[in-house]
1. Just to confirm a number: summing +1 for Lys and Arg and -1 for Asp and Glu over residues other than GLY195 whose beta-carbon lies under 15 angstrom from that of GLY195, what do you get?
2. For the chain, set up a Gaussian network in which alpha carbons nearer than 10 Å are linked by springs, and say which option among ALA18, ALA47, ALA28 fluctuates the most.
3. What Kirkwood radius, in Å to one decimal, follows from the Cα pairs of the chain?
4. Between SER222, SER81, SER69, where does the largest GNM mean-square fluctuation fall for the chain, given springs only between Cα atoms within less than 10 Å?
5. Identify which of THR68, THR226, THR43 has the largest mean-square fluctuation in a Gaussian network model of the chain, with springs joining Cα atoms closer than 10 Å.
6. Can you give the helix-only mean residue ellipticity at 222 nm for the chain, where every DSSP H stretch with n ≥ 4 adds -39500 (n - 2.57) and the sum goes over all residues, rounded to the nearest 500 deg cm²/dmol?
7. Using only the Cα atoms of the range 118-252, what do you get for the radius of gyration and for Dmax, in Å?
8. Non-local amide H neighbours of PHE229 (under 5 Å, H modeled in plane, Pro and chain starts lacking H): which ones?
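Here, each number is a calculation from the coordinates, and none is a lab measurement. All of these numbers come straight from a predicted model, not from anything done at the bench. Positions of Cβ are backbone-derived with ideal geometry, glycine not excepted, and every protein chain shown enters the neighbour counts.
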Amino acid sequence: SLARQWNTVGGPGNQNPAQHYVRTWREASVDYIGISYHGYATTHIDALCHIFWDGKMWNGKDSMSEVTSLGAKSGDVSAWSNGITTRGALLDIPRLRGTEYVDVDNPVRGYELLAAAEAEGIELRPGDAVCVYSGREKFYAANPEHVPGGHPSPGLHVDTVPVLKDKDAALLVWDLMDAGPCGYQIFDSRMAGLGVHVLAIVFMGMPLLDNSLLQPLAEACSDERTWEFMLTVNPLNIRGGTGSPVNPIAVF
């Protein structure tokens with residue numbers, strides 16, 4: 001599983017913690033769950049109606065008319081109600097660099113995606129779920145004062161997106177997300193520097209699988225000496241939803 005456990009304790013990076021209440025009696029038990037999953041705590045998939053640019057969403061549609069408080073008319077998560085099953089390719093950036101994690105001063109660059117694939121003996125193919133491991137757990141263990149989503153932030157530079165487009169990736173799976181600031185004022189001055197989110201979702205129409213738990217997968221890949229596997233992602237069937245919590249499964 002590439003999913004983090006739902007975190008019901010608030011704190012930095014989890015300002016809206018998940019809710020879980022259980023009611024029990026002699027014959028049975030039931031529970032209530034509630035979650036605000038966008039952000040930095042919960043493993044989730046972003047639908048194409050989640051991010052906008054200058055009032056436009058994916059396919060050039062007007063975001064204000066397409067997405068209302070009743071939900072999205074297009075680009076919503078129910079488009080993947082039958083699930084996503086494809087080849088996954090893990091790119092282990094700390095392994096490539098010989099470090100424990102990606103730090104704030106050295107974001108993952110586009111050329112490193114290609115270099116990691118070459119070092120692992122794999123080739124990125126059209127339709128792949130490209131899984132970029134940056135060492136999130138080790139980064140926060142070494143930098144407990146860092147607030148997820150703050151600036152500066154470690155993660156992927158915007159120049160990784162042209163590589164994903166050139167390789168015709170179907171899905172980006174990542175643990176550390178947009179690096180910021182990225183050096184491009186057009187992104188750094190807006191959307192908290194979420195340049196990869198903007199380019200991938202609005203301009204490429206490619207979903208993102210945020211906050212993935214990739215360290216166990218990286219360890220399994222290293223043990224098995226293979227960085228390719230089958231990946232399944234099954235979002236909740238939410239009509240008009242801007243995304244969904246997910247429990248992605250990698251199968252060797």
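1. -3
2. ALA28
3. With all distinct Cα pairs of the chain included, I get 18.7 Å.
4. Maximum fluctuation in the GNM of the chain, among the listed residues, is at SER69.
5. Maximum fluctuation in the GNM of the chain, among the listed residues, is at THR68.
6. Counting only the DSSP helices, I get -4500 deg cm²/dmol.
7. When restricted to Cα atoms, the range 118-252 yields Rg and Dmax of 15.4, 43 Å.
8. Those lying under 5 Å, H to H, from PHE229 are GLY88.
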